[in-house]
1. Could you list, ordered by first residue, the pairs with Cβ atoms under 6 Å in which the first is in region 142-168 and under 16 Å from ILE105 (Cα atoms) and the second is of a type in the set (Lys, Arg) and outside any helix (DSSP H, G or I), at least 6 apart or interchain?
2. Could you check how many residues of region 150-159 are in contact with a helix residue (DSSP H, G or I) (Cβ under 6 Å, 6 or more places away or on another chain) and assigned to a helix (DSSP H, G or I)?
3. Of everything in region 50-68, what is of a type in the set (Lys, Arg) and touching a residue at least 12 places away in the same chain (Cβ under 8 Å)? Give them in sequence order.
Amino acid sequence: MPRRAGAFVARPQVICFTGGMSASGERASEVGGSEKALGAAVERDQLEQVIRAHSTYVARLAYRVLGRDDEVNDLVQDVFVAYLRFHRTIREPEAVKGWLATTVIRMAHKRLRARRFRLKIWLGLETDDRRHELPAPGLSSDDRAAFMSLHRALDRVPPKARIAWVLRYLEQEQLEDVARLCGCSLATTKRRIRLAHGVVQRTLTP
């Protein structure tokens, strides 16, 4: 049974390097080793704080973009693995959330493209109904059905337009922020949202 979205917990690994030393350099090496160990511990704590602070947001965004619970945890894990690799390039703490969101969108786009290609080849662009229960507790059957219908409609939307629409209407981001997260102009963002909105309306309208 797939894990529920938002359940991902990661603990950064601390990699220790050991090697020989000469007797004359032993004290200096001990001091340097202590400083490195302290630095590694501080960095580990900082990384764990970032994961604790943002894992729920990352999982929610991933779930809303993908619309499938069975893919969320793999994507969330990939995002934080990327963060562990590149976190030193993020200069300001305030930029962490935006970096994570952009990474979710980039990785989700790859998954959506692969999914759409599979559907086109195997099912003639029919919707894949292999879905799982929503992670939110206490959701009514009507709300669950509405969500499923929405994502069946979104499965017919090109990935870039789908992501822009989800950011605008489900995440309720401002248009300027959607453009920034998607890495495109405001005009392109509006065009993608209009495209997705038209497909959603045509699909859901009786």
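The values are calculated or read from the model by the stated rules, or taken from the named source; none is laboratory data. It should be emphasised that the depicted structure is a prediction, and the values quoted were computed from it without experimental measurement. For neighbour counting, all protein chains shown are included, and Cβ atoms are generated from backbone atoms with ideal geometry for every residue, glycine included.
1. Partner pairs satisfying both residue conditions: none exist.
2. Counting residues in region 150-159 that are in contact with a helix residue (DSSP H, G or I) (Cβ under 6 Å, 6 or more places away or on another chain) and assigned to a helix (DSSP H, G or I) gives 3.
3. Selection gives ARG60, ARG64, ARG68.
Okay, residues lined up against (1) touching a strand residue (DSSP E or B) at 6+ places or on another chain (Cβ under 9 Å); (2) of a type in the set (A, V, I, L, M); (3) at pLDDT 95 or above:
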| residue | (1), (2), (3) |
| --- | --- |
| GLU176 | no, no, yes |
| ALA179 | no, yes, yes |
| ALA187 | no, yes, yes |
| LYS190 | no, no, yes |
| PRO206 | no, no, no |
